[in-house]
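The values are calculated or read from the model by the stated rules, or taken from the named source; none is laboratory data. The shown structure was predicted, so the numbers you read here are calculated from the model rather than taken from an experiment. In this analysis, Cβ positions are derived from the backbone assuming ideal geometry, glycine residues included, and neighbour counts consider all displayed protein chains.
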Amino acid sequence: MTRMSRLDAVGAIVGIAVLCPGLTASVQAQGKRTADANHGAVIAAQGASGVPACAQCHAFSGASDSSGAFPRIGGQSAYYLEKQMRDFTSSERVNAIMSPIAKALSADDIADVAAYYANNSGQFPPLATTDAATYEKGQQLARIGDAAKGIQACNNCHGPDGAGIPPAIPYLAGQYAQYITFEIQMWKRGLRKNSPGSMAPIAKQLDDQQIAAIAAYYQQVRGSTSAAVAK
Amino acid sequence: MAERLRPVNVVTVGVGMTGAIMGKELAAAGLKVVGIERGPGRDTVPDFQSPAIHDELRFAIRKALMQDNVKETVTVRNSSDQTALPMRRWIGFLPGTGVGGALVHWNGQTYRFQPADFVYKTHLEQRYGKSFIDPELTVQDWGVTYGELEPHYDRFEYLCGTSGKAGNIKGQIQRGGNPFEGPRSREYPTPPMKEPYYGALFRKGAESLGYHPFPQPASTLSQPYTNPEGLTLQQCVFCGFCERFACEHFAKASPQTIVLPAALKNTNYELRTNCQVLRVNLDSTGKTATGVTYVDAAGREFEQPADIVLITAYAFNNVRLLLNSGIGKPYDPSTGEGAVGRNYAYQTVSASTVFYDADVNINPFMASGSSGTVIDDFSGDNFDHGPHKFIGGAYVGAIMTGGRPIEFHPTPPGTPAWGLGWKQAVARHYNHTVVLTVHGSSHPARHNYLDLDPTYKDAWGLPLLRMTFDFPDNDIRMSSYVTDKATEIGRAMGGKTVASAPRRRPYTTTAYQTTHNTGGAVMGNDPKTSVLNRYLQCWDVSNVFVVGASAFAHNASYNPTNTVGALTFWALDAIKNQYLKSPGPLVHT
C-alpha cells in the first residue's frame, strides 16, 4: 500500500484544500499534468538552459558517484524529489550547486526529472562497512533511538531499517554516510530549514559520534540485508 | 498473615495519570510516597517500539494493553431485574492497566468541560425552570466552579503540551478557536495540529451551515515541546496508531513522557508494579484509613501503612475499592439512599457516515488519535434547550483515528454483512468515507448505578463490580437531535450517501463506544448525594482522596481526561496547602 501518511503529506493535502477551496478532488485530478519520465531522462542526460546534466553527478541510475558528495536519488519517490527541488527554489534548502539548478528548471521539468529518477529502481552496490561497535550504535539509534535524550527511533518515520515510507519519507538505507552526516549537521546548525518540526530538533540533540554512527549504519544496512538474503 | 511494611506518608492505588502526577508532586513536597500499580512497568524504550507496537491484531483486537479480565472484570446488565454477567472480553470499553494506565493508549483528545457543567443543576433550573429536568435524572452541582478549576486545566494542558487554538482568552473571543468555550487564561502551549483532508471537508460543510468549526485540541503534539518538568515531547508523525496503542515517538502525552521520569528521579518516590491492592484498611472507628493491603506478583500479601491513601485507579476500580473496603454507604436504587455507586454515567456516542464518490481520496490512515475538526454548537448547554425535551448535547466532528485495516470497514446501508458483496463494498469505500463522531453527554439516572456483584469474584476472591445501565430517555432524545444535525453537515460536505446512526437502546457492551465510564464516587456539597467533598476527599474517611472520572457528578459532552487532570491538580493543591497543615475534613457539614 502506498502510504501518503506522514507529515509532509498532510501539508501537501492541506495546501490543496487551502488553495482550491472550491475544487473537488476530481477537478484536481483532471488539472494535474502527468509527468513525462522520458523528457526527464533527456534533462538528466543533456541538462537544460543554464542547467548541467543531472547524470554528471547523480549518474543515470541515480546512484551518484562513490565520493559520497552527491546523494543517491534513484528510487526515491517523485513526491520527495520534487519537494526537495521546490525547497532549493524557495531557499528552505540552500546549496551552491543545486539552488541555481532548481531555480532554472520549470516546475514541469522538475516533475519530469523526478519521475525519471523515481522510476529508476536504483542500484545499491555494497559500500564501505564500518566497525562492529559503530554499526551496533547506529543500529540502536535507528531502531530504538536514545531514551535518555528522548530521541525517537529513526526507523519510526524512515521505515524498517531505513527503507523509507514513500512518498513523503525518503529511504536512508544505502545512502552515502558522508551525505547523511552532512545533512544532519546542516539541520543541527540551523542551515537546512525544511522539516523544521521533526528533523531539526532531533539533529540538535545528536552528538557528532551519534551522527557518524547513524550515517555509517545506514550506508551499510542495505548491502548487509541484501547479502543476508543472498546467502 | 500479611507482612507489615514500614509506614510511609502517602500511598497511591494505581500509577496512571492521576497517580503519577500526585505521586510526583507529593514526593517533591517532601513526603515519602509509594505508588502501587497492579500492572507491569513499561516505558517508551524498550516497550513501545516500532514496528511491534503497530501490531493491530495484538493491541487493537486482542487488547494487549488492557486490564486482564481473566483476573478482574466487571459484570453488566441493563436493569435491576436482570442477572448481570461478567465481561470476559473487552469490546464496549477498554480499561487500561500497567504503569501509565489508560493514558498510554488514549487518543489525546483534550477538552475542557463548560462552566455550566460544574453548576449544572443550578444553571439548568435558572435557565429553564425547576420542572424542566426529567425527574428520572439525578443531576446535581459538582461543588467546584469552572473559575476555580481554570488554573488547574491550564496546568494540566501545559504539562501535556496540548496542541490547539484558544477560542476565548479572558473573555476575548479568538478567531479560529471554539467561541463557545469557557474563558482560558492563555493560549494552548502548542499550535493546533495540521488539518487533515477529512477535517477540511468537515470545516467547509459546517461553515456553510453557519456553525463554528475549530481544530480538536490534541495531546498528540503539533511540534516539539518541553514541559514544566523539563521533559521534551516530539512532533506527531500522523502514523494512525494512538488509541489502543502506545506511542513510540515521544509525541503523545502519557505519564511516561510528561511526569513519571521526574517522579522516579526523586528518592522520596517508590514505584511497585504487579501489586494488586485488595482493600483500604480502616482503624476501629472506621473514620481513618491506616493504609492498604496488597498482593504482589508472587502471591505474597503485604500491609502498607500510610498517613494518606490516594485512590487513583480507573473509575470502576476506584468505586470497587471503596465498596470492598467498606468506605461510604452503598447506593440503593429502591430508596435512593447511599452515595457509593450513585450517579454512574457513560457517554452517549453516535455517528453519521459520509460516503463519497471514488475520486475523493480521504486517506484515513493519515491521522493521529486527535487530529480532526469539530463544532461545539450543539454541546452541553451551548444552544437553547427550551424547545426540546432534553438537556445536554454533543460535539460533532470529523475525527478519524487511523483507518487501520482490521477495524475500519465502512460500508453504506444495504451492503451484505459478509461475502463478495461486502468485500467489494469495503474496497470501494475504504478510502472515500468520512465518519462524523457525535460525542454526547450522559446523565445519571436513578436506575443506573454501580454495586458489588453478588455472584462473581475476581482472582483474589473479592466481589466484582456490577454495572446496571441503560441510556436514559433524555440522552436518547439528545442523540437523535444532534445526530440529525451531523447528518445535515454530512450532506453539506458533499457526501453521496450519508448514513445516520443515532444511539439506540439497549446499551450493549458488544460494540465499542467509548471508555468514558464516570461517576460512582462523585464530588459534591451534600454527603447524602456525594461520596467526596469538593476537594475529592472522602466525607466518611478524611485521609482518603479518590481521584478520577469517578468523581464526575455527570458526564459532559466531552472526553473526560482534561477534567480529570484539572481535578487532580485541584485536589493536590488542597492536600498541599490545607490538609498537610491541618489533617482532617476540609469541609464541615
Flag for B:ARG62 being more than 14 Å from every other protein chain (Cβ to nearest Cβ) and not small (Gly, Ala, Ser):
yes
Where B:PHE156 falls short, out of the listed (1) more than 30 Å from A:CYS154 (Cβ to Cβ); (2) in contact with a Phe, Trp or Tyr (Cβ under 7 Å, 6 or more places away or on another chain); (3) surrounded by fewer than 23 Cβ atoms within 10 Å (Cβ to Cβ):
(3)
For the subset of the stretch B:219-232 comprising residues that are more than 9 Å from chain A (Cβ to nearest Cβ) and of a type in the set (Gly, Ala, Ser), which member is nearest to B:ALA102 (Cα to Cα)?
B:SER219
B:GLN235 - would you say it is surrounded by fewer than 22 Cβ atoms within 10 Å (Cβ to Cβ), within 17 Å of A:CYS157 (Cβ to Cβ) and within 14 Å of chain A (Cβ to nearest Cβ)?
no
If a residue has to be in contact with a Lys or Arg (Cβ under 7 Å, 6 or more places away or on another chain) and either at pLDDT below 95 or under 30 Å from B:ILE21 (Cα atoms) (or both) to count, how many in the stretch B:192-221 make the cut?
5
I'd like to verify a number: residues in the stretch B:100-138 that are assigned to a loop (DSSP other than H, G, I, E, B), of a type in the set (D, E, K, R) and more than 19 Å from the chain's Cα centre (by Cα), how many?
3
Within the stretch B:439-473, restricting attention to residues that are among the aliphatic types (A, V, I, L, M) and within 30 Å of B:ALA486 (Cβ to Cβ), which residue is surrounded by the fewest Cβ atoms within 10 Å (Cβ to Cβ)?
B:ALA445
What single numbered condition from (1) farther than 28 Å from B:ARG112 by Cβ; (2) crowded, with 23+ Cβ neighbours inside 10 Å; (3) aliphatic (A, V, I, L, M) fails to hold for B:VAL482?
(1)
Could we say that B:ASN361 is at pLDDT 95 or above, assigned to a loop (DSSP other than H, G, I, E, B) and within 14 Å of chain A (Cβ to nearest Cβ) here?
yes
Go through A:LYS193, A:LYS188 for me and flag whichever is touching a residue at least 24 places away in the same chain (Cβ under 8 Å) and closer than 21 Å to A:ALA69 by Cα.
A:LYS193
Residue that is farthest from the chain's Cα centre (by Cα), among those in the stretch B:486-523 that are aliphatic (A, V, I, L, M) and part of a strand (DSSP E or B)
B:VAL498
Would you check if there is a residue in the stretch A:122-130 being within 30 Å of B:LEU260 (Cα to Cα) and not assigned by TED's automatic domain parsing to the domain that holds A:SER49?
no
Looking at the stretch B:413-438, which of its residues are touching a helix residue (DSSP H, G or I) at 6+ places or on another chain (Cβ under 7 Å) and either surrounded by 14 or more Cβ atoms within 10 Å (Cβ to Cβ) or in a helix (DSSP H, G or I) (or both)?
B:THR415, B:VAL434, B:LEU436, B:VAL438
Assuming B:GLU243 fulfils every condition listed in (1) at pLDDT below 95; (2) within 14 Å of chain A (Cβ to nearest Cβ); (3) surrounded by fewer than 24 Cβ atoms within 10 Å (Cβ to Cβ) apart from one, which condition is it?
(2)
Residues that are in a strand (DSSP E or B) and modelled with pLDDT of 95 or more: does the stretch B:139-160 have at least one?
no
Going by what's in this entry, would B:SER254 be described as surrounded by fewer than 20 Cβ atoms within 10 Å (Cβ to Cβ) and at negative phi?
no
Flagged in the stretch B:394-412 as in contact with a helix residue (DSSP H, G or I) (Cβ under 6 Å, 6 or more places away or on another chain), assigned to a loop (DSSP other than H, G, I, E, B) and crowded, with 24+ Cβ neighbours inside 10 Å, in numbering order, are B:MET400
I'm checking my understanding of the structure. Among residues of the stretch B:11-62 that are of a type in the set (A, V, I, L, M, F, W, C) and without any contact (Cβ under 8 Å) to a residue 12 or more places away in the chain, which one is surrounded by the fewest Cβ atoms within 10 Å (Cβ to Cβ)?
B:ALA52
How about the stretch B:247-348: which strands (runs of 3 or more DSSP E) wholly inside it have at least 2 residues that are within 23 Å of the chain's Cα centre (by Cα)?
B:276-282, B:301-311
Just to be sure I understand, how many residues within the stretch B:534-589 are outside any loop (DSSP other than H, G, I, E, B) and either touching a residue at least 60 places away in the same chain (Cβ under 8 Å) or within 22 Å of the chain's Cα centre (by Cα) (or both)?
25
Hey, among the residues in the stretch B:44-56 that are part of a loop (DSSP other than H, G, I, E, B) and within 7 Å of chain A (Cβ to nearest Cβ), which one's farthest from B:GLY101 (Cα to Cα)?
B:PRO51
For the stretch B:366-389, state whether one or more residues are within 14 Å of chain A (Cβ to nearest Cβ) and either more than 21 Å from the chain's Cα centre (by Cα) or aromatic (Phe, Trp, Tyr) (or both).
yes
What about B:PRO585, is it more than 26 Å from B:SER479 (Cβ to Cβ) and in contact with a Ser or Thr (Cβ under 7 Å, 6 or more places away or on another chain)?
yes
Output the residue which, of all residues in the stretch A:80-110 that are small (Gly, Ala, Ser) and in contact with a helix residue (DSSP H, G or I) (Cβ under 6 Å, 6 or more places away or on another chain), is surrounded by the fewest Cβ atoms within 10 Å (Cβ to Cβ).
A:SER99
Kindly indicate which of B:LYS204, B:LYS194 is within 9 Å of chain A (Cβ to nearest Cβ) and assigned to a loop (DSSP other than H, G, I, E, B).
B:LYS194
Helices (runs of 4 or more DSSP H) wholly in the stretch A:113-224 with at least 1 residues that are of a type outside the set (A, V, I, L, M, F, W, C) and within 14 Å of chain B (Cβ to nearest Cβ) - which ones?
A:132-144, A:155-158, A:199-205
Could you go through the stretch B:92-113 and let me know if any residue there is among the polar types (S, T, N, Q) and under 23 Å from B:LYS389 (Cβ atoms).
no
Take the conditions of a type outside the set (A, V, I, L, M), under 18 Å from B:GLU207 (Cα atoms) and at pLDDT 95 or above and apply them to B:ASP377. Does it pass?
yes
Return the only residue of B:PRO261, B:PRO213 being within 14 Å of chain A (Cβ to nearest Cβ) and surrounded by fewer than 24 Cβ atoms within 10 Å (Cβ to Cβ).
B:PRO261
Within the group B:THR190, B:THR138, B:THR162, B:THR220, which residue is buried (at least 17 other Cβ atoms within 10 Å of the Cβ) and under 16 Å from B:PHE113 (Cα atoms)?
B:THR162
